[in-house]
There are 2 protein chains.
Amino acid sequence: MLQFNDIRKKVKNKGFSIFSMFGKDRYKIHPAEFASAIDSMSFDHALLSFMELPYDTQVSVFSYLNVLLQHKLVRSLSPQRAGYLLNHLSSDDRTVFFSGLSVSERSKYISYLDEKNKKSTQDFLGYPKNSIAWHIDTNFTVLSKDMTIAEASAHLRAFQKDTEAANVIYVADEAGKLLDDIQVRRLVLNVPTMKISEIMDGSFVSLNVTDTKETAIHKFKAYDRVVMPVINDDNLLLGVITIDDIMDIAEQKDTSDIQKFGGVEDLDYPYVKTGFFTLTRKRATWLVILFLGEMLTATAMGHFEAEISKAVVLALFVPLIISSGGNSGSQAATLIIRALALKELTLKDWWFVMRREIFSGFTLGMILGSIGFLRISLWQYLHWFNYGEHWALIATTVFCSLVGIVMWGTLSGSMIPIVLKKCKIDPATSSAPFVATLVDVTGLVIYFSIAAVILKGTLL
Amino acid sequence: MLQFNDIRKKVKNKGFSIFSMFGKDRYKIHPAEFASAIDSMSFDHALLSFMELPYDTQVSVFSYLNVLLQHKLVRSLSPQRAGYLLNHLSSDDRTVFFSGLSVSERSKYISYLDEKNKKSTQDFLGYPKNSIAWHIDTNFTVLSKDMTIAEASAHLRAFQKDTEAANVIYVADEAGKLLDDIQVRRLVLNVPTMKISEIMDGSFVSLNVTDTKETAIHKFKAYDRVVMPVINDDNLLLGVITIDDIMDIAEQKDTSDIQKFGGVEDLDYPYVKTGFFTLTRKRATWLVILFLGEMLTATAMGHFEAEISKAVVLALFVPLIISSGGNSGSQAATLIIRALALKELTLKDWWFVMRREIFSGFTLGMILGSIGFLRISLWQYLHWFNYGEHWALIATTVFCSLVGIVMWGTLSGSMIPIVLKKCKIDPATSSAPFVATLVDVTGLVIYFSIAAVILKGTLL
């Protein structure tokens, strides 16, 4: 089988036409390979290559393209070809295609759809962005429990398309209420004369159409499913969700969480596909928010200007001390946010987390504080730096400040995500930089207050 | 169907026995529900509940338990029961069970296995941790291309277990070389008299046993597969990998990346299952490394002590300036690391990234610098703070430093992951805190050097 690199090489060497260049081999190329090759071309080139494909191949290749390229391609196709393409996409791919369009384009292309597709697309688009409705595939088969396996197989041969959704079939009663799901392999693994009711196990797991993407990911993982039925509140089967969509959703969600951790508003498209201005705007938003927060450090430092000018030595440890608070806060926030996302922790566990993090913070603070104390003592002892006659008091100030600030950082880092979740705000918003900024400002106050107590009457 | 919360409630109200309490309902409970319930119990309670299950249910429930509890359970079972359990697990679950054991326990429990399982387990454990070999399921069926669908179905009914791996069957030649994979649904969707060779499409995607987990995740996503065959260098079929394992692997990988971003050595087990000392040790390691790095800020500040005592006002902006460098560096590192992990970027794109990030950094620096300049001018104008007669020079120093440091932060944040990847080190190691620490130290040098140039002859 030909791999992507071969295709790319051929494209590079021989010109633009994918389809013509492979000759007989072209039937062995997986649609995902075509899509990768098309994705890496200039747009004109991509369009020409796409147009050369037979109509059915176009449909399967189209579903592997990224949604931005999908939009550009459809804009360049004739209404007939665009209509054929959009009507033959699976319903989940169609919904995702439409969801990214502007209102005017959306209504233009919806008019290309036949009545049935038009209705289902409009229905699904009516659900909120974070619900699973956009990913429902309506290509599924419902059987009656009184059929034999042989009858069921004949029915499938007549009506079911050969797609991922066909890995599981559904049994419903006369009213359309879901009774069970059956892996299609069971039709093969049992004798054809058996009745469907005999191979049902009555144990199925379903999603509700209003479920969030997180719930869907969690259920697919918990029950090791490859397809799951989606029902409404009346238990009526609306369609199915397949695991390949769940993989993509999980990956996007992790990407968005990771970007939030890094203090970037989440990019809706990959880094390389995001334009310079969008990228800079999304980064600038958070950087400016953090900068405005961080400006409070200048205010805090301003309050202690008199102390700093009396004991300049205090200023030397400012970056060390506040960054330790920030780092310990980032650690705690990261651990808690991820554990919440994976449902390892729930809000009820806050007291467990709090007790644990106070002890952790204290232990970590003692470790860093001791290293800090030793660092100052050693430099003084070895005459690498002269902290003056009160060096021991300075070292003690640094020690106590580190214990206090690391404890404070750890505690805020672990509690802020829980509080946000309680307020129904995505915990990932309390990104590491956000916690670090908060701890920077409060850390300065802790440091200079401890210094004021310990150094009163000597340096201050 | 009973859900987990009902089970938990019943367990709480009525005592320890899951199996006895559900009566007839128990046959409707999904093994994953049993496993969740058992997972939330005290160990004694979990053991008793587990022992009450029929042997076959034990096997399916066991595979949903977390590996730490699996180990504890097996240690408490008789050799007969443990042997039955371990021999009946699917080969991927078995390999993962053994991989977490100490050497002595490993050889003890391997002796419980029958010859075939012993050999395959030892084979798979011989591959490195990051290869996909540990997740290979050996329960697959190979057919000859000359069979009819009816013959193939009869063969499957006789020899194939009803597991996820049975969703796809394989066609190999006499020598055992893989020719094609066939979704089992195709046996249903085509008439029984057709030959296997007629429903083959000759297009299959396979993994090599030495492939890394990242490659496997990428291929499953790219080709939307639910099962993929694993071959060796001779093209011989060794087994299959199922998508539920890939989902778990992808989630673990993202968790590990997220934890590295947050500056924590990756926890091997969930936060709640990790003991206090392990957790603290893993956090302390990185905190201490970052602290040692950050100590260089004290050294750097020490070098500029004379400047600070002449112009204490300079110290006031230190936290603001270095944190801006750190934040912009974290942003860039996060974006690039994630894009590398998703294979949106490759090493060859370094020049594209570099040009882009220099412009981004410059733009972001100008934005933050301007805000900083305005902040100082405004405070001075409104008499909220007195920066002295040279306030305009101080504001200029802050402006120029921010432009320089944000550019430098952005550039290092984006280039360090690429350099690490080039050196075959996981880019996620250059976590945000790591970049921030680097930028803190160098940022101080940039700030005070710019100050020395601009303020020479006035404040300095």
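Points to keep in mind about this one:
- Matching residues in the range A:50-93 - criterion: being of a type in the set (A, V, I, L, M, F, W, C) and under 18 Å from residue A:104 (Cβ atoms): A:67, A:68, A:74, A:77, A:82, A:86
- Only listed residue being touching an Asp or Glu at 6+ places or on another chain (Cβ under 9 Å) and either within 30 Å of residue A:361 (Cα to Cα) or hydroxyl-bearing (Ser, Thr, Tyr) (or both), chosen from B:257, B:224: B:257
- Some residue of the range B:125-139 being more than 30 Å from residue A:165 (Cβ to Cβ), among the aromatic types (Phe, Trp, Tyr) and assigned to a helix (DSSP H, G or I): yes
- Among residues of the range A:359-386 that are closer than 17 Å to residue B:278 by Cα and facing another protein chain (nearest Cβ under 10 Å), those with a Cβ under 6 angstrom from a residue that is modelled with pLDDT under 90 and part of a helix (DSSP H, G or I), sequence gap 6+ or separate chain, pair up as A:360/B:280; A:363/B:280; A:364/B:284; A:364/B:287; A:367/B:284.
- For the condition under 30 Å from residue B:356 (Cβ atoms) and either within 7 Å of chain B (Cβ to nearest Cβ) or not aliphatic (A, V, I, L, M) (or both), residue A:282 qualifies.
- Any pair with Cβ under 6 angstrom, 6 or more apart, that starts in the range A:336-354 at a residue that is free of Cβ contacts under 8 Å to residues at least 24 places away in the same chain and ends at one that is hydrophobic (A, V, I, L, M, F, W, C) and in a loop (DSSP other than H, G, I, E, B): A:339/A:345
- Top-ranked residue of the range A:382-395 - restricted to ones that are in a helix (DSSP H, G or I) and touching a Leu at 6+ places or on another chain (Cβ under 9 Å), ranked as surrounded by the fewest Cβ atoms within 10 Å (Cβ to Cβ): A:393
- Matching entry among A:187, A:179 (being outside any helix (DSSP H, G or I), without any contact (Cβ under 8 Å) to a residue 40 or more places away in the chain, of a type outside the set (Phe, Trp, Tyr) and closer than 30 Å to residue B:158 by Cα): A:179
- Flag if residue B:172 is within 19 Å of residue B:343 (Cα to Cα), touching a strand residue (DSSP E or B) at 6+ places or on another chain (Cβ under 8 Å) and in contact (Cβ under 8 Å) with a residue 12 or more places away in the chain: no
- For the range A:208-218, a residue qualifies if it is within 13 Å of chain B (Cβ to nearest Cβ) and either buried (at least 19 other Cβ atoms within 10 Å of the Cβ) or among the hydrophobic types (A, V, I, L, M, F, W, C) (or both), and the qualifying residues are A:216, A:217.
- Selection status of residue B:168, touching a helix residue (DSSP H, G or I) at 6+ places or on another chain (Cβ under 8 Å) and either over 30 Å from residue A:261 (Cβ atoms) or away from chain A (no Cβ under 13 Å) (or both): no
- Among the conditions (1) crowded, with 24+ Cβ neighbours inside 10 Å; (2) in contact with a Phe, Trp or Tyr (Cβ under 7 Å, 6 or more places away or on another chain); (3) over 17 Å from residue A:441 (Cα atoms), the only one that residue B:321 does not satisfy is (3).
- Where residue B:266 falls short, out of the listed (1) under 30 Å from residue B:136 (Cβ atoms); (2) part of a helix (DSSP H, G or I): (2)
- From the options A:289, A:258, A:243, residue that is at pLDDT 85 or above and facing chain B (nearest Cβ under 7 Å): A:243
- The criterion of being in contact with a Phe, Trp or Tyr (Cβ under 6 Å, 6 or more places away or on another chain) and surrounded by fewer than 21 Cβ atoms within 10 Å (Cβ to Cβ) holds for residue A:53.
- Helices (runs of 4 or more DSSP H) contained in the range B:274-319 and holding at least 1 residues of a type in the set (Lys, Arg) and without any contact (Cβ under 8 Å) to a residue 24 or more places away in the chain: B:276-303
- Unique match (being of a type in the set (Ser, Thr, Tyr) and not in a helix (DSSP H, G or I)) among B:109, B:84, B:64: B:64
- Meets criteria (assigned by TED's automatic domain parsing to the domain that holds residue A:417, in a helix (DSSP H, G or I), surrounded by 24 or more Cβ atoms within 10 Å (Cβ to Cβ) and modelled with pLDDT of 90 or more) for residue A:326: no
The rows are residues; the columns are (1) within 27 Å of residue A:177 (Cα to Cα); (2) hydrophobic (A, V, I, L, M, F, W, C).
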{"residue": "A:65", "(1), (2)": "no, yes"}
{"residue": "A:69", "(1), (2)": "no, yes"}
{"residue": "A:82", "(1), (2)": "no, yes"}
{"residue": "A:107", "(1), (2)": "no, no"}
{"residue": "A:122", "(1), (2)": "yes, no"}
{"residue": "A:128", "(1), (2)": "yes, no"}
{"residue": "A:147", "(1), (2)": "yes, yes"}
{"residue": "A:152", "(1), (2)": "yes, yes"}
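- Residue B:429 being of a type in the set (Ser, Thr, Tyr) and away from every other protein chain (no Cβ under 11 Å): yes
- Filter pass, residue B:129 being at pLDDT below 90, outside the structural domain of residue B:58 (by TED's automatic domain parsing), over 30 Å from residue B:268 (Cα atoms) and loosely packed, with under 15 Cβ neighbours inside 10 Å: no
- Residue in the range B:249-259 that is touching a residue at least 40 places away in the same chain (Cβ under 8 Å), within 26 Å of residue B:116 (Cβ to Cβ) and surrounded by fewer than 21 Cβ atoms within 10 Å (Cβ to Cβ) present: yes
- Residues in the range A:154-178 that are more than 28 Å from the chain's Cα centre (by Cα), under 21 Å from residue A:242 (Cα atoms) and crowded, with 16+ Cβ neighbours inside 10 Å: A:156, A:160, A:169, A:170, A:171, A:172, A:178.
The values are calculated or read from the model by the stated rules, or taken from the named source; none is laboratory data. Predicted, not measured: the structure shown is a model, and the values here were computed from it. Here the Cβ is made from the backbone with ideal geometry for all residues, glycine too, and neighbour counts use every protein chain on show.
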